[in-house]
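First up is the structure itself, then whatever we jot down about it.
Each reported figure results from applying straightforward, stated rules to the coordinates on display, with no laboratory input. These figures come from a predicted structure and were not determined experimentally. Every residue, glycine among them, receives a Cβ derived from its backbone with ideal geometry; neighbour counts consider all protein chains shown.
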Ligand code: KPL
């Protein structure tokens, strides 16, 4: 099996590293040239949770032109706003039976991929793994929990089970699921309750659970988002507030992906996370002041640094 990791940032690189130790031929694709060059030259270094550093040797490239071999599986880990363009850019190395799997944050990724790759080809996934890009060719595993993979509708198929097996062989605790939409919304709650808060306060995930103010802010954001999810028919309950804090503890040393985007003055996924809650709430005439404020603060900070870097 040849797996192309489309968007090998921190998370994509972590998964690519793990899978490169299995029988799967793994290619990391990232437009971050210094990252791919370092991987080609020295391998991919992973700072593990136990303090050791391991090196992995997946193939790496930074242009679609240099992708020679057809991909059996495309694992999509690009930022949610780049999904459509990224998938279109690699279609020439995909066939009619190439399977696409999204492991991205936020909602709306499946729809964007299905438009380009075809709905039959696209699987849904979520992961509670956290990773930080430390520098070119070097990432830090920040801890985490299970990964789930499934069809958009219906029970797990042979292709889902194969991918679950492959992930397990790579040492990533993974399960199949027949309720992926629900799990995507659960993951959305995790990102709603951690990402913008840590990005704005310059903290790592653990602080959300450790500080009283962090817990209170996360709780308010998650409760608002829960009500929106319930209005859309997802049976999530208040227990989610504690589950979000558990993920914050399990990834305590990790800087959330939005925190890393802000640190590197890059566009964030706010529109697909707290911003998505605001849009759904507006449609349903619901009030979500905490999510609106978090969204506006991130948008303001992001617009400022993106403008300055032009
Ligand atoms: O998904 C994440 C992210 O940072 O985007 C978590 C699970 C919160 C890990 O940091």
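With just the Cα atoms defining each centre, how far is the range 203-221 from the range 232-310? Give it in Å.
13
Based on alpha-carbon atoms only, what is the radius of gyration of the chain relative to the globular estimate 2.2 N^0.38 Å?
Expressed relative to 2.2 N^0.38 Å, the Cα Rg reads 0.95.
Could you tell me whether the range 2-178 comes out rounded, prolate or oblate from its Cα gyration tensor? Rule is a ≥ b ≥ c as square roots of the eigenvalues, rounded for a/c under 1.5, then prolate if a/b exceeds b/c, otherwise oblate.
Judged from the Cα gyration tensor, the range 2-178 comes out oblate (a/c at least 1.5, b/c at or above a/b).
Kindly rank 45-54, 235-244 from highest to lowest mean number of other beta carbons found within 10 Å of each residue.
Order by mean packing, descending: 235-244, 45-54.
Kindly rank 178-190, 71-83, 142-154 from highest to lowest mean number of other beta carbons found within 10 Å of each residue.
Output ranking for 178-190, 71-83, 142-154: 71-83, 178-190, 142-154.
Divide by every residue of the chain the summed helix terms, -39500 (n - 2.57) for each DSSP H run of at least 4, and state the resulting mean residue ellipticity at 222 nm, rounded to the nearest 500 deg cm²/dmol.
Rounded to the nearest 500, the figure is -14500 deg cm²/dmol.
So if I take the centroid of the Cα atoms in the range 9-57 and the same for the range 76-144, what is the distance between those two points in Å?
16
Please give the peptides 255-261, 163-169, 217-223 ranked by average Cβ packing (other Cβ atoms within 10 Å per residue), highest first, as a rough proxy for protection.
The packing order, highest mean first, is 255-261, 217-223, 163-169.
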